[in-house]
Amino acid sequence: MDTAALQKVALTVRTLSMDAIQKANSGHPGLPLGCAELGALLYGEILKHDPSDPAWLDRDRFVLSAGHGSMFLYSLLHLSGYKVSLDDIRAFRQIGSPCAGHPEYGHCPGVETTTGPLGQGLANAVGMAIAERMLAARFNTPAHPVIDHWTYALAGDGCLQEGVSAEASSLAGHLGLGKLIVFYDSNRITIDGGTELSFTEDVARRYEAYGWKVLSGDMYDFEGVARLVAEAKADTDRPKLIILKSVIGKGAPTMQGSHKVHGAPLGAEEIKRAREAMGVPANADFYVAPEAVSYFEGRRAAFRKTREAWNALYAAWRAANPGKAQELDAFLSGKASAPFAAPAFAPGESLATRAASGKALAAAAAAWPNLVGGSADLTGPNSSQLPEGGVFSRANPAGRMIHYGVREHAMAAVSNGLALHGGLRPFCATFLVFADYLRPALRL
């Protein structure tokens, strides 16, 4: 690990972020500056990804749950080689730029989900981890583990205060989603001030109670964080929360550590002071360290080699398992595997609408074997039981039914993650009167 080069990547995340936010006169510099080292390590050393193929099926997924810190993501996508140009970053928050104020899925390569409403990204990541496990159980063979990737998320104090993250984290612990790792940016700052104003619980013990493995370290220790990730990946029986102590706005000499750096440009004078402290030329707008460019130029060959090795594994799997390959193609295309035999009802027939819905759902499940989902503790009343596949659980990872429990908001946000992962068609169910509990995720 070239820690000197990673330091230059982190420096560049800071310079690009503070300059883009200053030019837009809008944005959130606190997280990008405070988490720059983690970003450098993630995109340079930890994530299995290839910027030349952002849609690679077996890539690791990274979700920026604290979506207000979007310049963290755009800076790293640009540096690592995704099609995010410096001009795109200069146009941050402007109409037509892929670098929106909050990450928007489908508009920027490398963005796995739309985030902004805090906590929902964490729940999306739970859905992606469920999808990975379901697809791996259905398609992997001992000789060819073609679905074998990790889901990572970065969440902040605000994310972990939201109810949707509590619902999703509880479910993830119950299901034992061992290939889910959440980094907690613990800077102990909110917009109103320090977290002592309203958030004094022991987060580590809460997550341990959910059934997670909890680790902790220093946001700015490259080798220490790498060791924590290795320890986390050695345990595949439960999700992991890695708590990283950080300083919001790190690198802004007179503003770091303060709520003032959360959601407003640093200002010309503070940027001048920051550049001086970082050793960046005073007039170097949108400065990119040459060492950061060279580092990722060298890493891209390794990224590509990893994907090409998977391509060879995938080709061998397809040759050895033509039936599975045909089924996976159908899953990925969204096409039905069998004709959809819609139920027919006689004119005037008396039937509860939920019973009719249940018949239609069963017919859709027969046509689309990748239809998965469940209800918020209303399987019978909602008629949402799937006739085949069983219940998804630790013991039955190929199951199609998900028991969400009384967690409407997480249910919908997890469903979004299932859909965004690719390969599955999720559904969720509740009574209309309870739908307001999930409306924020439905909106996204």
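The values are calculated or read from the model by the stated rules, or taken from the named source; none is laboratory data. Just so we're clear, the structure is a prediction, and the values are computed from it rather than from any experiment. Positions of Cβ are generated from backbone atoms using ideal geometry, with glycine treated the same way; all protein chains shown enter the neighbour counts.
Of all residues in region 111-131 being surrounded by fewer than 24 Cβ atoms within 10 Å (Cβ to Cβ) and in contact (Cβ under 8 Å) with a residue 60 or more places away in the chain, which is nearest to Ser70 (Cα to Cα)?
Going residue by residue through region 111-131, those that are surrounded by fewer than 24 Cβ atoms within 10 Å (Cβ to Cβ) are 114, 116-118.
This time we only want the ones that are in contact (Cβ under 8 Å) with a residue 60 or more places away in the chain, so: 114, 117.
Details: Thr114: 11, Pro117: 13 Å.
In this case the residue turns out to be Thr114.
What pairs come up if the first residue lies in region 51-70 and is under 29 Å from Met18 (Cα atoms), the second is assigned to a strand (DSSP E or B) and polar (S, T, N, Q), and their beta carbons are under 9 Å apart, counting only those six or more places apart or on different chains?
Filtered contacts from region 51-70: Asp60/Thr151; Arg61/Thr151; Phe62/Thr151; Val63/Thr151.
Please state which one of Ala55, Ala24, Ala20, Ala36 is assigned by TED's automatic domain parsing to the domain that holds Arg273, surrounded by fewer than 24 Cβ atoms within 10 Å (Cβ to Cβ) and touching a Phe, Trp or Tyr at 6+ places or on another chain (Cβ under 8 Å). Show your work before the answer.
Numbers: Ala55 fails: touching a Phe, Trp or Tyr at 6+ places or on another chain (Cβ under 8 Å); Ala20 fails: surrounded by fewer than 24 Cβ atoms within 10 Å (Cβ to Cβ); Ala36 fails: surrounded by fewer than 24 Cβ atoms within 10 Å (Cβ to Cβ).
Of Ala55, Ala24, Ala20, Ala36, the one residue that is assigned by TED's automatic domain parsing to the domain that holds Arg273, surrounded by fewer than 24 Cβ atoms within 10 Å (Cβ to Cβ) and touching a Phe, Trp or Tyr at 6+ places or on another chain (Cβ under 8 Å) is Ala24.
Please list, ordered by residue number, the helices (runs of 4 or more DSSP H) wholly in region 174-282 having 1 or more residues that are farther than 30 Å from Phe92 by Cβ, out of contact with any helix residue (DSSP H, G or I) (no Cβ under 6 Å at 6 or more places or on another chain) and in the same structural domain as His28 (by TED's automatic domain parsing). Talk me through it step by step, then tell me what you get.
Numbers: elements: 203-210, 222-233, 268-278.
Output list reads 203-210, 222-233.
Just a yes or no: is a residue in region 132-152 within 19 Å of Glu408 (Cα to Cα) and either in contact with a Leu (Cβ under 8 Å, 6 or more places away or on another chain) or of a type in the set (Val, Ile, Thr) (or both)? Outline the logic, then answer.
Initially, region 132-152 is screened for residues within 19 Å of Glu408 (Cα to Cα), giving none.
No, region 132-152 contains no residue that is within 19 Å of Glu408 (Cα to Cα) and either in contact with a Leu (Cβ under 8 Å, 6 or more places away or on another chain) or of a type in the set (Val, Ile, Thr) (or both).
Starting from residues that are small (Gly, Ala, Ser) and under 11 Å from Gly121 (Cβ atoms), keep the ones in region 159-171 and report whichever is surrounded by the most Cβ atoms within 10 Å (Cβ to Cβ).
Initially, region 159-171 is screened for residues small (Gly, Ala, Ser), giving 163, 165-166, 168-170.
Checking the rest, the ones that are also under 11 Å from Gly121 (Cβ atoms) come to 165, 168.
Working: Ser165: 26, Ala168: 29.
Within region 159-171, the match that is surrounded by the most Cβ atoms within 10 Å (Cβ to Cβ) is Ala168.
Please find, within region 243-274, the residue that is nearest to Asn187 (Cα to Cα) out of those that are buried (at least 21 other Cβ atoms within 10 Å of the Cβ) and of a type in the set (Val, Ile, Thr).
Among residues in region 243-274 that are buried (at least 21 other Cβ atoms within 10 Å of the Cβ) and of a type in the set (Val, Ile, Thr), the one nearest to Asn187 (Cα to Cα) is Ile248.
Which residue is surrounded by the most Cβ atoms within 10 Å (Cβ to Cβ), if the candidates are limited to region 331-348 and must be small (Gly, Ala, Ser) and within 34 Å of the chain's Cα centre (by Cα)?
Residues of region 331-348 that are small (Gly, Ala, Ser), as a first pass: 333-334, 336-338, 341-342, 344, 346, 348.
Okay, now just the ones that are also within 34 Å of the chain's Cα centre (by Cα), so 333-334, 336-338.
On the way: Ser333: 9, Gly334: 12, Ala336: 16, Ser337: 14, Ala338: 10.
Out of the qualifying residues, it is Ala336.
Please specify each residue of region 216-237 satisfying the condition of being in contact with a strand residue (DSSP E or B) (Cβ under 8 Å, 6 or more places away or on another chain) and surrounded by 20 or more Cβ atoms within 10 Å (Cβ to Cβ).
Result: Met219, Val225, Leu228, Val229, Ala232.
Out of Ser52, Ser65, I need the residue that is hydroxyl-bearing (Ser, Thr, Tyr) and in contact with a strand residue (DSSP E or B) (Cβ under 7 Å, 6 or more places away or on another chain). Which one?
On the way: Ser52 fails: in contact with a strand residue (DSSP E or B) (Cβ under 7 Å, 6 or more places away or on another chain).
Criteria check complete, one pass: Ser65.
Scan region 273-298 for residues that are of a type in the set (Lys, Arg) and either in contact with a strand residue (DSSP E or B) (Cβ under 7 Å, 6 or more places away or on another chain) or free of Cβ contacts under 8 Å to residues at least 40 places away in the same chain (or both) and jot them down. Break it down into steps so the answer makes sense when it comes.
Our first condition is that a residue be of a type in the set (Lys, Arg); within region 273-298, this holds for 273, 275.
Arg273 - this is the single residue of region 273-298 that is of a type in the set (Lys, Arg) and either in contact with a strand residue (DSSP E or B) (Cβ under 7 Å, 6 or more places away or on another chain) or free of Cβ contacts under 8 Å to residues at least 40 places away in the same chain (or both).
Show me the helices (runs of 4 or more DSSP H) entirely contained within region 361-444 in which 3 or more residues are surrounded by 18 or more Cβ atoms within 10 Å (Cβ to Cβ), touching a Gly at 6+ places or on another chain (Cβ under 9 Å) and outside the structural domain of Leu118 (by TED's automatic domain parsing).
Working: elements: 379-382, 408-421, 439-443.
Filter on region 361-444 gives 408-421.
Given the criterion modelled with pLDDT of 95 or more and either among the hydroxyl-bearing types (Ser, Thr, Tyr) or within 20 Å of Ala129 (Cα to Cα) (or both), identify the matching residue among His49, His102, His107. Before you say what the answer is, go through the steps one by one.
Values: His102 fails: either among the hydroxyl-bearing types (Ser, Thr, Tyr) or within 20 Å of Ala129 (Cα to Cα) (or both); His107 fails: either among the hydroxyl-bearing types (Ser, Thr, Tyr) or within 20 Å of Ala129 (Cα to Cα) (or both).
After applying the criteria, what remains is His49.
Counting only residues that are of a type in the set (A, V, I, L, M, F, W, C) and touching a Gly at 6+ places or on another chain (Cβ under 7 Å), which one in region 58-83 is surrounded by the most Cβ atoms within 10 Å (Cβ to Cβ)? If you could, list the steps in order and put the result at the bottom.
To start, the set of residues in region 58-83 that are of a type in the set (A, V, I, L, M, F, W, C) comprises 62-64, 66, 71-73, 76-77, 79.
Now drop any that are not touching a Gly at 6+ places or on another chain (Cβ under 7 Å), which leaves 63-64, 66, 71-72, 76-77.
Details: Val63: 29, Leu64: 28, Ala66: 28, Met71: 28, Phe72: 31, Leu76: 29, Leu77: 24.
Filtering first and then ranking leaves Phe72.
What pairs come out if I take residues in region 348-366 that are within 18 Å of Met401 (Cα to Cα) and pair them with residues that are of a type in the set (Ser, Thr, Tyr) and part of a helix (DSSP H, G or I) whose C-beta lies under 9 Å away, six or more apart or interchain?
none
Looking only at residues in region 365-396 that are among the hydroxyl-bearing types (Ser, Thr, Tyr) and in contact with a Lys or Arg (Cβ under 9 Å, 6 or more places away or on another chain), which one is farthest from Glu167 (Cα to Cα)? If you could, list the steps in order and put the result at the bottom.
Taking region 365-396 first, the residues among the hydroxyl-bearing types (Ser, Thr, Tyr) are 375, 379, 383-384, 393.
With the extra rule that they be in contact with a Lys or Arg (Cβ under 9 Å, 6 or more places away or on another chain), the set shrinks to 383-384.
On the way: Ser383: 23, Ser384: 21 Å.
Per the criteria, the residue is Ser383.
Based on what the data block shows, is Glu308 assigned to a helix (DSSP H, G or I), surrounded by fewer than 16 Cβ atoms within 10 Å (Cβ to Cβ) and within 21 Å of the chain's Cα centre (by Cα)? Reasoning before the result, please.
On the way: assigned to a helix (DSSP H, G or I): yes; surrounded by fewer than 16 Cβ atoms within 10 Å (Cβ to Cβ): yes; within 21 Å of the chain's Cα centre (by Cα): no.
So Glu308 fails the test.
Please identify the pairs in which a residue from region 18-32 that is of a type in the set (Asp, Glu) has its Cβ atom under 8 Å from the Cβ atom of a residue that is assigned to a helix (DSSP H, G or I), counting only partners at least 6 apart or on another chain.
Listed by first residue and then by second, the contacts come to Asp19/Ile271.
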